[in-house]
1. Rounded to the nearest whole Å³, what is the per residue volume of the convex hull around the Cα atoms of the stretch 192-232?
2. What's log10 of I(q)/I(0) for the chain at q = 0.07, 0.13 Å⁻¹, Debye sum over Cα points only, no solvent?
3. Could you sort 160-171, 236-247 so that the peptide with the highest average Cβ count within 10 Å comes first and the rest follow in order?
4. Based on the alpha-carbon gyration tensor of the stretch 1-45 and its eigenvalue square roots a ≥ b ≥ c, which shape applies: rounded if a/c is under 1.5, prolate if not and a/b is larger than b/c, or oblate?
5. Quick one: pull the percentage of alpha-carbon pairs in the stretch 1-153 with a separation above 18 Å.
6. For the stretch 204-297, state the semi-axes of the equivalent ellipsoid (square roots of 5 times the eigenvalues of the alpha-carbon gyration tensor), sorted largest first and rounded to whole angstrom.
7. When only the heavy atoms of the protein chains count and the probe is 1.4 Å, how do 1, 320, 149 rank by accessible area, highest first?
8. Ignoring ligands, DNA and RNA, what percent of the accessible area of the stretch 193-345 is carbon or sulfur (1.4 Å)?
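The values are calculated or read from the model by the stated rules, or taken from the named source; none is laboratory data. Predicted model only: the values in this text are computed from it and were never measured. Don't worry about glycine lacking a Cβ; one is built from the backbone with ideal geometry, like all the others, and counts go over all protein chains shown. For the accessible areas, the whole protein counts, side chains as well, though only heavy atoms, and no ligand, DNA or RNA atoms are used. Shrake-Rupley method; radii C 1.70, N 1.55, O 1.52, S 1.80 Å.
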Amino acid sequence: MAYWQPYTTLRPYNTFGIDVQAQALAQVTAVEQIPRLVATAAGPLRVLGGGSNILLCTDIDAWVLHNRIPGITAEPLPNGNTLVAAGGGVVWHELVQWTLGAGLAGLENLSLIPGTVGAAPIQNIGAYGVELQDVFSHLEAIDLASGKMHVFRREDCAFGYRDSIFKREFRDRLLITRVYFQLHSSLFEVNTAYGAIAQQLNDWGITHPQARDVSRAVVYIRSTKLPDPAKVGNAGSFFKNPTIPNEQWLALRERFPQLPAYPTDSPERVKVPAGWLIEQAGWKGIRRGNAGVYPLQALVLVNYGGATGDEIWHLAQEVMASVNQAFGITLEPEVNIWGGKGKKI
Ligand code: FAD
Ligand code: NAP
């Protein structure tokens, strides 16, 4: 039976390793537990998965549902693909490994992203040229106010770059209980075009890569570039890569000829790497007390141990102001901020 534990520290539940308390926390391991937990909460509700995309600034005036709903199943579809369903509390990388073990392709480029399956649609997780929406079928979510179950198909989710309807209209209103993916047999052509994947496979002498090989390459590359949250607190990329009008990029290129840019869905805008901007503004490796900008990837803010959420948020604001001054570009946090000055809870 699931129950509320009052005044629980959230330190074990966020990858920044910030030590704040929630009003109460409950471990949700089955959908049937949710209505009673919701009915007995005496304040605002929040949902937490792996806590890998969250910055906790102060004690949280909320009742936190920790999603641990398990289970993975697969069924063949008439079109030859496979429909895989995973509980919202399943660890994302465990799902990726499960699908690869079952001979299914589609999730390999998204290997080693921390967090849970239920959180993956929230920001339409993406890496190495693939986004969740590329293999997403539908999801089930419970409305925390009405207790009703809803199904969201791909076209209902308004997926965008690190964005979806769940970050906007439905923010903090739902608990995603199960996500369904349409995956291919592993003979499906893999995507090795992005970044160092092709080079890594080449180094290993793999000329005809399968999905498993791509996953192994992604795991290897990520492990060399990104801080392991078990060792150094972080939430991955702290900021989104901004998109700017083509004219602004051309004007900036006059002053910064090396400024990279990548296409977006709009022919009028380009995406510029926030990590490059932060590094050029001189922040890579800078430390403010126990908070810092990761020396190997300037897009990642880290907690070297004992930093408060407000300290990290203060550093983030300094970085944002500095990038704005240098390039006239406003960075937007990708990480969800809970608590702290001016925040909702
Ligand atoms: P949490 O941090 O627990 O929650 C994030 C938000 O989603 C919160 O607002 C929460 O309320 C809400 N939420 C969580 N679960 C549910 C649910 N079941 N129903 C409704 N709302 C929910 N992200 C990428 O996109 N690509 C990457 O390559 C990537 N790499 C990363 C690398 C590192 C080292 C780290 C630390 C993070 C990285 N991230 C990346 C960010 C993060 O892993 C993803 O955003 C992930 O999907 C967050 O999952 P979570 O379960 O930890 O979510
Ligand atoms: P990288 O390969 O060094 O590239 C730097 C940035 O340039 C990336 O953010 C990426 O944007 C963009 N980019 C590079 N090549 C691109 C291409 N061919 N087409 C379009 N955009 C391109 O990045 P990295 O830091 O090592 O990360 C590798 C991948 O893992 C990226 O996809 C990144 O998003 C993902 N990642 C995400 C997080 C997170 O918390 N969100 C953390 C770590 C890594 P995109 O980010 O849009 O791909």
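1. Enclosed volume per residue, from the Cα hull, is 72 Å³.
2. Each listed q maps to, in turn, -0.30, -1.09.
3. 236-247, 160-171
4. Judged from the Cα gyration tensor, the stretch 1-45 comes out prolate (a/c at least 1.5, a/b above b/c).
5. Summing the P(r) tail past 18 Å for the stretch 1-153 gives 61 percent.
6. Three semi-axes, in Å: 28, 23, 12.
7. Numbers: 1 190, 320 45, 149 95 Å².
Largest accessible area first, the list is 1, 149, 320.
8. Working: 4000 of 8030 Å².
Its accessible area is 50 percent carbon and sulfur atoms.
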